[in-house]
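Okay, structure first, notes after.
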Amino acid sequence: MSYIDGFVIAVPNANRDKFIAHARTFDAIFLEFGATKVVECWGDDVPEGKLTDFHRAVQAKPDESVVFSWIEWPDKATRDAGMEKVMKDSRMDAAGGDMPFDGKRMIFGGFMPVVSLPA
């Protein structure tokens with residue numbers, strides 16, 4: 001079964017096009033190092049909850065949208081090896097000073113699928 005890295009970030013609405021360009025560039029690096037799929041989703045119907053929600057999770061400001069993303073890997077071993085290569089890749093250094101969002105407010109994690117339909 002596959003392995004999933006999931007991410008939630010807040011991106012200023014003014015940076016939407018810049019974010020898409022950033023994602024196209026850097027998501028290709030994940031694919032190069034073993035990911036099978038990368039999906040970036042711009043928030044369209046992200047309600048505010050009474051206790052918690054995506055907006056609060058990333059401290060989104062009124063002029064920001066929530067972005068939900070994931071990277072699919074064939075397995076955790078491929079993910080671990082791929083992520084190590086990604087983090088050491090000099091192309092990633094270029095992102096450090098020019099990210100179209102505040103990386104400090106990103107939430108992320110690795111997940112083992114327990115149900116996946118259809119097979």
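The values are calculated or read from the model by the stated rules, or taken from the named source; none is laboratory data. The model shown is predicted, which means the values in this text are computed figures rather than measured ones. Because the Cβ atoms are built from the backbone with ideal geometry, glycine has one as well, and the counts that use them run over all protein chains shown. SASA here: full protein model, heavy atoms, side chains in, ligands and nucleic acids out. Shrake-Rupley method; radii C 1.70, N 1.55, O 1.52, S 1.80 Å.
Points worth noting:
- Pairs linking a residue in the stretch 22-33 that is free of Cβ contacts under 8 Å to residues at least 60 places away in the same chain to a residue that is of a type in the set (D, E, K, R), with Cβ atoms under 6 Å and 6 or more positions apart or on different chains, are ALA23/GLU40; PHE33/LYS85.
- Of all residues in the stretch 45-58, none are touching a residue at least 60 places away in the same chain (Cβ under 8 Å) and under 13 Å from the mean Cα position of the chain (by Cα).
- Residue within the stretch 97-105 that is open to solvent by 90 Å² or more (accessible area, probe 1.4 Å) and at positive phi present: no
- Members of the stretch 21-58 that are in contact with a Lys or Arg (Cβ under 9 Å, 6 or more places away or on another chain) and exposed (fewer than 12 other Cβ atoms within 10 Å of the Cβ): GLU48, GLY49
- Considered as a group, the residues in the stretch 81-95 that are more than 16 Å from the chain's Cα centre (by Cα) and either of a type outside the set (Asp, Glu) or in a helix (DSSP H, G or I) (or both) include one that is surrounded by the fewest Cβ atoms within 10 Å (Cβ to Cβ), and that residue is SER90.
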